[in-house]
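My questions all concern the structure below.
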Amino acid sequence: MSVKSYQMLIDGRWVSASDGAVFASVNPATGQAWAEIPEATAADVEAAVNAAHRAFSDGPWAAASPSERGRLLRRLADLLAEQSEQLGRVETVDTGKIITETKWQAKYIADFFHYYAGCADKIHGDTLPIDKPDLFVFTRREPLGVVAAVVPWNSQLFLVAVKLGPALAAGNTVVLKASEHASAALLEFGRLFDAAGFPPGVVNIVTGHGEPCGRALTSHPLVQRVSFTGGSATARHVIGNSANNFAQVSLELGGKSPFIVFDDADIESAVNGCIAGIFGAAGQSCVAGSRLYLQRGIAGEFLRRLVEQARQIKIGDPLNDATQMGPLCTRAQLEHIEREVAFAQEEGAKLLCGGAAGDALVDGLGGDFGDKLGDGLYYPPTILDCPRQDLRIVDTELFGPVLSALRFDDEAEAVKLANDTRHGLAAGIFTNNGARALRVAQAVRAGIVWVNTYRVVSPIAEFGGFKASGSGRESGFQAMYDYTRPKTVWLNTADTPLANPFGMR
C-alpha cells in the first residue's frame, strides 16, 4: 500500500515541517502505516500563530462585517456537505471508525457551520441605565484574537465545528492542532477554507505531538483562548502552559457516564440505547455510557437481552457498509483495555461476553466476524457484571467497547452510585415515570443528561462536563459569547465642559 504524504496549512500555504520531520499514521484496520504527517517544530507553530495574528489585525478578515463572515461559513458548510463522503473515507482509514458513521457525521457537521453562519450577525451588547447624569453607556462584544483549538482524533470534524464555528463567526482567527494519532481528515478538511474564500491565515492547521507542538501553541503569548478536548493528563499541561499567556481556557475532558435503567422503563428501548451508547463508535466516545446501572428486578432479563444483541454486532472492515463496529484507533488503547478487563476479573467481575482481542475474533465469538481480522486493532463488545462499585474498572475511562454492569435497589441508590465518580460529562436515564426522570436528571452531576435516548447532539444545544470532565461549554448560541469579550463605552452627552477636578479657574 502506497504511503500518502500530507502537509500543514500555515498562512494559506501547504508546507512541510521546517526541519522536514514526519511521523507515520497507522490504519487501525490493518495495523499498517498509510500516511506521513509533518512533525511541527516550535518554529512552525510560531509561523502559524503569527499568520493568525496578522489576519486578525490587518487585511480583509479584520475588516469583514459579521454578515460577510456568515457568508463564508455558509460556503464552507456547503463544501463540507459536498465532500462528506470523501472526508468520511479518509477519517475511516485513519481512525478505524465505520464509514457509515464518518460519512453521515461529516455531512451533519455542515449544519453546525450553517448554524453559526446565522449567528454571526446576532452578537450584540447592551445599553446600561447608568446612575449618573449626562452619560450614555453601552457595551459591545469584540473578538478575542488568536484561538488555539486542540482536538483529539475521535469525532475530530465534529469537535472542530463546535470550536471553529463560533470562533470564526465572532471574528477570531484560529490555529488548529490535529491529533498525532489521526491527522489526515483534518488536513483534508483544511483544503475547503481556500475554496470557501477565507483569507490566508484565518485558519491554520499544525500537526505534531504535545512536545514541542502542543506546548508551543498553548503557551504562545499571542494566543488569547485555548479550547481543548482530550485527556485529563494533557489538560493539566495545557492549564500550566496558559500561565505563560493568561489565555482563557476551556476543557472538554473524558467521561465515565452512568446509564441508569429503572424497572418501569421500556426494556427494548433501553437495551437499544445502551448498545448505541457503549458500542457505537466502538466505545471511543467521551460520552460513552460505560457504567450500566440496572434496578435489581429487571437486571437478569436486561443483561440476557443485552448480551444476545451484543453478540450479533458485526465487526470487520470499517470501509464496508455492512460493518457495525470497527477497530480501536491505537495499539495503546487496545493494550490498556486488555489489562483493565483482566484486572477487573481478578477483582471479581464476571465476563458475560467479549474480552478477547486480535486473532481470537473469529466466527462464533461475539458475532459474525467472517475471516480472522489479522493485524487490525479489534476488540469485541465486552460486558462485565461487576459485583461492587469500588472495582477499578467502574471509574476508569477505557475509550473502548467495554461495559460495566451493576445493580441498584431504589432511586436514591441509583443517584448515589451514578455520582460516585470523579467524572461528570454525560448520563442516561431510562424510565416511564416523568417526575422521576426530572428528579434524577436534576440530581445527577453531569453536564449532559439524556432521558429515554442517548448520544444525541445538535448545534443548538450546548454541552460540557462537571468535575474532572472539564470546564466551559461548547455548541449552542452561548458559545458565541465565549469567543468574545465585552467592552464598555462611556459617552458624555453634556454640552458643557467638564469641571476642573481641583476647583481651579
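The values are calculated or read from the model by the stated rules, or taken from the named source; none is laboratory data. Here the structure is a predicted model, which is why all the values come from computation and not from measurement. We place every Cβ from the backbone using ideal geometry, glycine too, and count neighbours over all the protein chains shown. SASA here: full protein model, heavy atoms, side chains in, ligands and nucleic acids out. Shrake-Rupley method; radii C 1.70, N 1.55, O 1.52, S 1.80 Å.
Scan the strands (runs of 3 or more DSSP E) fully inside the stretch 144-234 and keep the ones with 3 or more residues being under 17 Å from the mean Cα position of the chain (by Cα). I'd like the intermediate steps shown before the answer.
Working: elements: 146-150, 173-178, 203-207, 223-229.
Qualifying strands (runs of 3 or more DSSP E): 146-150, 173-178, 223-229.
While we're on this one: Any idea which residue in the stretch 380-398 is nearest to residue 351 (Cα to Cα), counting only those that are touching a strand residue (DSSP E or B) at 6+ places or on another chain (Cβ under 6 Å) and not hydroxyl-bearing (Ser, Thr, Tyr)? Don't jump to the end; show me each part of the working.
Taking the stretch 380-398 and keeping what is touching a strand residue (DSSP E or B) at 6+ places or on another chain (Cβ under 6 Å), we get 382-386, 393-394.
Checking which are not hydroxyl-bearing (Ser, Thr, Tyr) leaves us with 383-386, 393-394.
Values: 383: 6, 384: 5, 385: 6, 386: 9, 393: 13, 394: 14 Å.
Out of the qualifying residues, it is 384.
Additional query: Looking at (1) modelled with pLDDT of 95 or more; (2) more than 29 Å from residue 3 (Cβ to Cβ); (3) open to solvent by 40 Å² or more (accessible area, probe 1.4 Å), can you tell me which one residue 59 breaks?
(1)
Given the conditions (1) in contact (Cβ under 8 Å) with a residue 40 or more places away in the chain; (2) in contact with a helix residue (DSSP H, G or I) (Cβ under 7 Å, 6 or more places away or on another chain); (3) of a type in the set (A, V, I, L, M, F, W, C), and given that residue 159 satisfies all but one, which numbered condition is not satisfied?
Failed condition: (2).
Go through the stretch 400-442 and give me each residue that's small (Gly, Ala, Ser), open to solvent by less than 40 Å² (accessible area, probe 1.4 Å) and assigned to a helix (DSSP H, G or I).
Taking the stretch 400-442 as the starting set, the residues that turn out to be small (Gly, Ala, Ser) are 400, 404-405, 412, 414, 418, 424, 426-428, 434-435, 437, 441.
After this cut, where a residue has to be open to solvent by less than 40 Å² (accessible area, probe 1.4 Å) as well, the list is 400, 404-405, 414, 418, 424, 426-428, 437, 441.
Across the stretch 400-442, the qualifying residues are 414, 418, 437, 441.
Something else: Among the numbered conditions (1) closer than 28 Å to residue 120 by Cα; (2) β-branched (Val, Ile, Thr); (3) under 22 Å from the mean Cα position of the chain (by Cα), tell me where residue 488 comes up short.
Against the list (1) closer than 28 Å to residue 120 by Cα; (2) β-branched (Val, Ile, Thr); (3) under 22 Å from the mean Cα position of the chain (by Cα), residue 488 comes up short only on (3).
Do you know which residues across the stretch 386-399 are farther than 13 Å from residue 283 by Cα, open to solvent by 30 Å² or more (accessible area, probe 1.4 Å) and in contact (Cβ under 8 Å) with a residue 60 or more places away in the chain?
If the condition is that a residue be farther than 13 Å from residue 283 by Cα, open to solvent by 30 Å² or more (accessible area, probe 1.4 Å) and in contact (Cβ under 8 Å) with a residue 60 or more places away in the chain, then 395 is the only one that fits.
Filter the stretch 240-257 down to the residues that are of a type in the set (Gly, Ala, Ser), touching an Asp or Glu at 6+ places or on another chain (Cβ under 9 Å) and assigned to a loop (DSSP other than H, G, I, E, B) and list them by number.
Applying the first criterion (of a type in the set (Gly, Ala, Ser)) to the stretch 240-257 yields 240, 242-243, 247, 250, 254-255, 257.
Okay, now just the ones that are also touching an Asp or Glu at 6+ places or on another chain (Cβ under 9 Å), so 250, 254-255.
Selection gives 254, 255.
State which residue is modelled with the lowest pLDDT when the search covers only the stretch 451-505 and only residues that are among the aliphatic types (A, V, I, L, M) and part of a loop (DSSP other than H, G, I, E, B). So that I can check it myself, show each step before the final result.
We begin by selecting, within the stretch 451-505, every residue among the aliphatic types (A, V, I, L, M); these are 451, 456-457, 460-461, 468, 479-480, 489, 491, 494, 498-499, 504.
Those left that are additionally part of a loop (DSSP other than H, G, I, E, B): 456-457, 460-461, 494, 498-499, 504.
Details: 456: 95, 457: 95, 460: 97, 461: 97, 494: 96, 498: 93, 499: 89, 504: 62.
Here the residue is 504.
Being touching a residue at least 12 places away in the same chain (Cβ under 8 Å), of a type in the set (Phe, Trp, Tyr) and either assigned to a helix (DSSP H, G or I) or buried (at least 21 other Cβ atoms within 10 Å of the Cβ) (or both) narrows it down to one residue among 138, 112; which is it? Let's see the steps before the verdict.
Values: 138 fails: either assigned to a helix (DSSP H, G or I) or buried (at least 21 other Cβ atoms within 10 Å of the Cβ) (or both).
The unique qualifying residue is 112.
Residue 127 is checked against (1) β-branched (Val, Ile, Thr); (2) free of Cβ contacts under 8 Å to residues at least 40 places away in the same chain; (3) open to solvent by less than 10 Å² (accessible area, probe 1.4 Å) and fails just one. What number does that condition carry?
(3)
Test residue 316 against the criterion of being buried (at least 19 other Cβ atoms within 10 Å of the Cβ), under 24 Å from residue 469 (Cα atoms) and touching a Ser or Thr at 6+ places or on another chain (Cβ under 6 Å), and give yes or no. Steps first, please.
Values: buried (at least 19 other Cβ atoms within 10 Å of the Cβ): yes; under 24 Å from residue 469 (Cα atoms): no; touching a Ser or Thr at 6+ places or on another chain (Cβ under 6 Å): yes.
Taking the combined requirement at face value, the residue does not satisfy it.
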